[in-house]
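One structure is given here, and the rest of the page talks about it.
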Amino acid sequence: MAQITAAMVKDLREKTGAGMMDCKKALAETNGDPKAAADWLREKGIAKAAKKSGRIAAEGAVAAYVSDNGKVAVLIEVNCETDFAAKNENFRKLEKDIAEHIAKTGPKDLDALNASKLGGKTVETLVTEATATIGEKISIRRFVRYESKGKVTSYIHMGGKIGVLVELDGGDDQLGKDIAMQIAASNPSAIDVASLPQEFVDHERAVQLATAKEENAQSNKPKPDAIIEKMVEGRMKKYYKEVCLIEQIFVKDTEKTVKDVLGKVKVLKFDRYQLGEGIEKKQEDFAAEVAAQIKG
């Protein structure tokens, strides 16, 4: 058998875009023949998938898995390139299987998840194969896993555009669903004022103080500093009602706050994923593309 050198692996990787280990295996399978190795990668769908790795995958779906007893739960975002592919039965099954796999195995991060075995193959391999089969770049973006002494409820909005996990100490299934829907709709930053990061509070207070002082400077009747401070405190209370879950107006009954609805039940934690948030989508200029083609 021909010796497989690092240079051979490097050359094949540059030509096909496949991963280092895949290139090494391809060369081993073809006795070091680079052309045969490239064909082997194509036949396995690996080269085809690798070429898609540079594409922007900002569509996809957020999915959730919750164990029957509500003690273990997973929220996951898996991305692809188009909404059409996100509705593909194979894509949905892959995401569901991976979510359940995370719940059962508890990987510490994405690297551990990708290296873990599911059905005899690594998760990374399954994603690569799905990329080749579906024809779009697929990637697992993030996940969170809960192990609860209380109970976890999930909520998925618009077929996977937004997903929520919320852990409650007390309450029933309906309350859990209501609070999860509240989080999906109002996107709070924290459970309560005490759990807001201090830098958030300091920044907002500084902005409100500067705004109040500017308004005061332009007023025909300037107010004393004590009044300015009260104005800022009033605006901070309004800010807390927007960003703190339990201070928010309850979406199903605007006469109540979430705190009123919870009563003695406590929200222990929550996570909210919005599909594609923070991903910069490529903007296609189709007119320019057509013009360029016409010019040759």
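For the range 14-73, the set of residues classified as modelled with pLDDT of 90 or more, within 22 Å of the chain's Cα centre (by Cα) and small (Gly, Ala, Ser) consists of Gly60, Ala61, Ala63, Ala64, Ser67, Gly70, Ala73, listed by residue number. The numbered conditions (1) over 30 Å from Gly263 (Cα atoms); (2) outside any strand (DSSP E or B) are all true for Arg141 except (2).
Are any of the residues in the range 262-272 acidic (Asp, Glu), more than 29 Å from Thr82 (Cβ to Cβ) and modelled with pLDDT of 95 or more?
Looking only at the range 262-272, we keep the residues that are acidic (Asp, Glu), and these are 271.
Right, trim to more than 29 Å from Thr82 (Cβ to Cβ) and you get none.
No; the residues of the range 262-272 include none that is acidic (Asp, Glu), more than 29 Å from Thr82 (Cβ to Cβ) and modelled with pLDDT of 95 or more.
From the list Ala132, Ala115, the lone residue that is surrounded by fewer than 21 Cβ atoms within 10 Å (Cβ to Cβ), of a type in the set (Gly, Ala, Ser) and touching a Lys or Arg at 6+ places or on another chain (Cβ under 6 Å) is Ala132.
For (1) surrounded by fewer than 19 Cβ atoms within 10 Å (Cβ to Cβ); (2) within 21 Å of His157 (Cα to Cα); (3) among the basic types (Lys, Arg), each residue gets a yes or a no:
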| position | (1), (2), (3) |
| --- | --- |
| Leu245 | no, yes, no |
| Ile249 | yes, yes, no |
| Lys256 | yes, no, yes |
| Val267 | no, yes, no |
| Gln274 | yes, yes, no |
| Gly278 | yes, yes, no |
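Screening Arg141 on (1) of a type in the set (Lys, Arg); (2) under 17 Å from Lys269 (Cβ atoms); (3) at pLDDT 95 or above shows it passes everything except condition (2).
Does Ala130 satisfy the criteria of being free of Cβ contacts under 8 Å to residues at least 60 places away in the same chain, closer than 22 Å to Asn69 by Cα and small (Gly, Ala, Ser)? Step through it out loud before you land on a result.
On the way: free of Cβ contacts under 8 Å to residues at least 60 places away in the same chain: yes; closer than 22 Å to Asn69 by Cα: no; small (Gly, Ala, Ser): yes.
Against the criterion (free of Cβ contacts under 8 Å to residues at least 60 places away in the same chain, closer than 22 Å to Asn69 by Cα and small (Gly, Ala, Ser)), Ala130 does not qualify.
State all residues of the range 141-188 that are acidic (Asp, Glu) and surrounded by 19 or more Cβ atoms within 10 Å (Cβ to Cβ); if no residue qualifies, say none. Steps first, answer last, please.
Of the range 141-188, the ones acidic (Asp, Glu) are 147, 167, 169, 172-173, 178.
Hits for the range 141-188 are Glu167, Asp178.
The values are calculated or read from the model by the stated rules, or taken from the named source; none is laboratory data. Because the structure is predicted, anything quoted here is derived from the model rather than measured. Every residue, glycine among them, receives a Cβ derived from its backbone with ideal geometry; neighbour counts consider all protein chains shown.
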